[in-house]
Amino acid sequence: MLKAENVTLAYGRTPVVHDVTLEITPGGVGLIGESGSGKTTLARAFLGLLKPVKGVILYGGRPLTDLRAFRREVQPVFQAESLDPRMRVGRSIAEARPAMPVASLMEAVGLDPALAGRRPHELSGGQRQRVVIARALAVEPRLLILDEPTSALDVTVQARILELLAGLETERLLITHNLAVVSRLCRTSHVLFAGRVVESGPTAELLARPMHPYTRALREAVPELGGSPPAATGAEPVTAATGCAYRLRCPLAVPACEERPEPVAIGDRRVACHRATEL
């Protein structure tokens, strides 16, 4: 459906995403990484909001040209703060596609249509996020691109939003740092670090047995009930300008890591690490 081929993205003269190739496949795709990893920048390119300096974004096997038609089929779902605070939520939903009945859209995302006359500040965080999802669904898209859709919500509300998203038939690309969210919504995941994909594969396998030290660090950073805080390993959190970008933070770094590793296929995975088979 939607694919990046050897895509490099930059702000000004500074590259922030490097030579990324990945495809949005059925069952949901996750882009996982910490703040600054490049995942949101890549999402902007997938939405046609940022032009690659190298490579191409393809939709249906063709470069993005007719953006009007494309944006009817691919819709973003941002955080609830993206709503216009001055606009009543019913009007905000109808703005996306006036012909669609607002009441049925609100009911589809678990909102009482009686809330249509309220403004965003009169709703809870979970209700506002449902309004954002309803706006995206109004044009009946084939694909949703979701950027941290639950990050500002408490755990109970997160669970309800995840249940809603999991029940939708629309395909999805999920940008997140939350491993629990990606495991719930995505069949396939790609892990980004410093603008490069360091590991890709089936989400369940990738999280159960990480093959890149950065993926392992993300998993181990998730607190466990009754457990101890994860120990700090490696050096200070800086990114290497040459070689493996993660090597200055990696507890497994060796001299060979001064050369940038190319992604290699290991079973169902692709991993960019000189020591992947040792993990």
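Some values worked out for this structure:
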{"item": "Count of residues meeting criterion [assigned to a loop (DSSP other than H, G, I, E, B) and under 18 Å from residue 17 (Cβ atoms)] in segment 51-66", "result": "4"}
{"item": "Scan of segment 162-188 for residues that are assigned to a loop (DSSP other than H, G, I, E, B) and either charged (D, E, K, R) or outside the structural domain of residue 72 (by TED's automatic domain parsing) (or both), ordered by number", "result": "169, 187"}
{"item": "Residues being more than 28 Å from residue 24 (Cβ to Cβ) and in a loop (DSSP other than H, G, I, E, B) - total across segment 88-107", "result": "3"}
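Quick grid of which residues meet (1) surrounded by fewer than 21 Cβ atoms within 10 Å (Cβ to Cβ); (2) assigned to a loop (DSSP other than H, G, I, E, B); (3) at pLDDT 90 or above:
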position	(1), (2), (3)
23	yes, no, yes
49	yes, yes, yes
71	yes, no, no
86	yes, yes, yes
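The values are calculated or read from the model by the stated rules, or taken from the named source; none is laboratory data. Because the structure is a prediction, the values reported are computed rather than measured. Cβ sites come from the backbone with ideal geometry, for glycine too, and all protein chains shown count toward neighbours.
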